[in-house]
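Enquirer: Dropping a structure here in structure tokens format, bear with me for questions.
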Amino acid sequence: MAFTGDDGARLAPPAAASASAPPRPSPPQQRATATVDLTQHELVLDGRRLPVSGGTAQHPTPTGRMTVVAKYPERRLPGASVGLGEEYDVAMRWVVELRAADGTTNYLVALTYNEQAPGERDVTHGWIGLRSADAKWCYQLLRPGDVVHIDRTGPAPG
């Protein structure tokens, strides 16, 4: 038999990859941090600036540090939270649920009912509304444990 360099033998796997060796821990994933500037009507995440709509003067958006606690591709929320009254529920898309240290809950959502508002005017009952495509992108990027800082750099909406 001529020596060709391929005798059918297979190399043994490295010791670290063998079944008896403990698995190597995965490197920690970097947490995403988003910043919402209610005065500038924008959310900054992963280097992108996205237009947002915040709460009205009667229903202001809470500010401060919030943590992503859950995500829903679609979620039914009480109609009163969007100004429709207690007798309605509203199906919202690309919902990211946020929670503050004091237990206050808020949401990043797709404003499917008013795609023109983000970046232009505040129309929510305190939520952070985004255009559908932007909300979906945030939904895909943010994970539970990620942080969203909500701030107002200028005067409150009035």
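The values are calculated or read from the model by the stated rules, or taken from the named source; none is laboratory data. Given the structure is predicted, the values throughout are model-derived calculations rather than measurements. Neighbour counts are summed over all protein chains in view; Cβ atoms, including those assigned to glycine, are modelled from backbone coordinates with ideal geometry. Only protein heavy atoms, including side chains, enter the accessible area calculation; ligands, DNA and RNA are left aside. Shrake-Rupley method; radii C 1.70, N 1.55, O 1.52, S 1.80 Å.
Enquirer: Determine, for each peptide in 98-109, 119-130, the mean count of other beta carbons within 10 angstrom over its residues, then list the peptides with the highest first.
Expert: Packing order, densest peptide first, comes out as 119-130, 98-109.
Enquirer: For L98, what residues show an amide H to amide H distance below 5 Å, using hydrogens built from the backbone and excluding near sequence neighbours?
Expert: Distant-sequence amide H within range of L98: V69, N106, Y107, L108.
Enquirer: Can you pull the accessible area of R93 for me, 1.4 Å probe, Å² to the nearest 10?
Expert: Its accessible surface works out to 80 Å², give or take rounding.
Enquirer: Using r as the Cβ-Cβ distance of R76 and N114, and R0 as 22 Å, what FRET efficiency do you calculate, to the nearest 0.05?
Expert: Working: r = 18 Å, r/R0 = 0.84.
Result of the calculation: an efficiency of 0.75.
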